[in-house]
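A.B. asks: Handing you a structure now.
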Amino acid sequence: DVRYPASCRSWFSWAAAERKIVKVPARGDLVIYDWDGDGPDDHIGVVERIHALGPFVTLTAIEGNTRATGKRVDGVYRRRRVVRRSRLVFVRP
């Protein structure tokens with residue numbers, strides 16, 4: 001069980017301990033983001049689609065605690081992102 005399910009760090013710790021981290025993501029996997037390079041615990045989403053997988057990953061994920069526009073966090077949204085591969089961890093729950 002994930003000890004604190006609202007915590008990205010808790011999901012990462014659980015995934016590492018349970019050997020749930022995968023290199024090739026699939027729909028339904030979790031994606032944990034490391035925006036600032038200090039460890040994968042900044043944000044989390046559910047992979048909807050992988051568009052490109054290489055040094056940079058293009059993906060669509062469903063993410064909570066985010067925003068449609070502006071600076072105010074206001075809900076759950078589908079987000080298309082391009083992120084450096086080294087800043088992502090994929091988890092198969």
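The values are calculated or read from the model by the stated rules, or taken from the named source; none is laboratory data. Everything numeric here is computed off the predicted structure, so don't read it as measured data. FYI the Cβ positions are ideal-geometry reconstructions off the backbone, even for glycines, and counts take in every protein chain you see. Each accessible area value is taken on the protein alone, full model and side chains, heavy atoms only, with ligands, DNA and RNA left out. Shrake-Rupley method; radii C 1.70, N 1.55, O 1.52, S 1.80 Å.
A.B. asks: Name the residue, out of R80, R49, R19, whose mean-square fluctuation peaks in a Gaussian network model built on the chain with Cα pairs under 10 Å.
C.D. replies: Residue with maximal mean-square fluctuation among R80, R49, R19: R19.
A.B. asks: Please turn the phi angles of the stretch 83-92 into ³J(HN,Hα) values with the Karplus equation 6.51 cos²θ - 1.76 cosθ + 1.60 (θ = phi - 60°), one per residue in order, whole Hz, x for glycine and proline.
C.D. replies: Couplings: 9, 4, 4, 5, 9, 10, 10, 9, 10, 9 Hz.
A.B. asks: Provide the solvent-accessible area of D74, counting protein heavy atoms only and rolling a 1.4 Å probe, rounded to the nearest 10 Å².
C.D. replies: Counting only protein heavy atoms, D74 exposes about 70 Å² to solvent.
A.B. asks: Suppose all protein chains stay in the model; what accessible area per residue would a 1.4 Å probe give for the stretch 1-50, in Å²? Can you show the working numbers first?
C.D. replies: Details: 3240 Å² over 50 residues.
About 65 Å² of surface per residue is accessible.
A.B. asks: Now for a separate question. In whole Hz, with x marking every Gly and Pro, tabulate ³J(HN,Hα) for the stretch 8-20 from phi via Karplus 6.51 cos²θ - 1.76 cosθ + 1.60, θ = phi - 60°.
C.D. replies: My calculation for the stretch 8-20 gives 4, 4, 5, 4, 5, 4, 4, 4, 5, 5, 8, 6, 9 Hz in order.
A.B. asks: Return the label of the correct value of percent of Cα pairs over 21 Å apart, as calculated from the structure shown, out of [x] 27; [y] 37; [z] 42.
C.D. replies: [x]
A.B. asks: Right, here's the next one. I44's amide H: which non-local residues (gap 5+, or another chain) put their own amide H closer than 5 Å, with H modeled 1.01 Å from N in plane and none for Pro or chain starts?
C.D. replies: The answer is Y33.
A.B. asks: How large is ³J(HN,Hα) for each residue in the stretch 74-79, as worked out from phi by the Karplus curve 6.51 cos²θ - 1.76 cosθ + 1.60 (θ = phi - 60°), to whole Hz, x for Gly and Pro?
C.D. replies: Those phi angles translate into 9, x, 10, 9, 7, 10 Hz.
A.B. asks: Then there's this: Considering Cα pairs under 8 angstrom that are at least six residues apart, work out the relative contact order of the chain and quote it in whole percent.
C.D. replies: Values: 197 pairs, mean separation 27.3, N = 93.
Relative contact order comes out at 29 percent.
A.B. asks: Ok, one more. Taking the Cβ of R79 as the center, what net charge do the other residues with Cβ under 11 Å away carry, scoring Lys and Arg +1 and Asp and Glu -1?
C.D. replies: Details: positive: R67, R78, R80, R81; negative: E48, E63.
Once all neighbours under 11 Å are counted, the net charge is +2.
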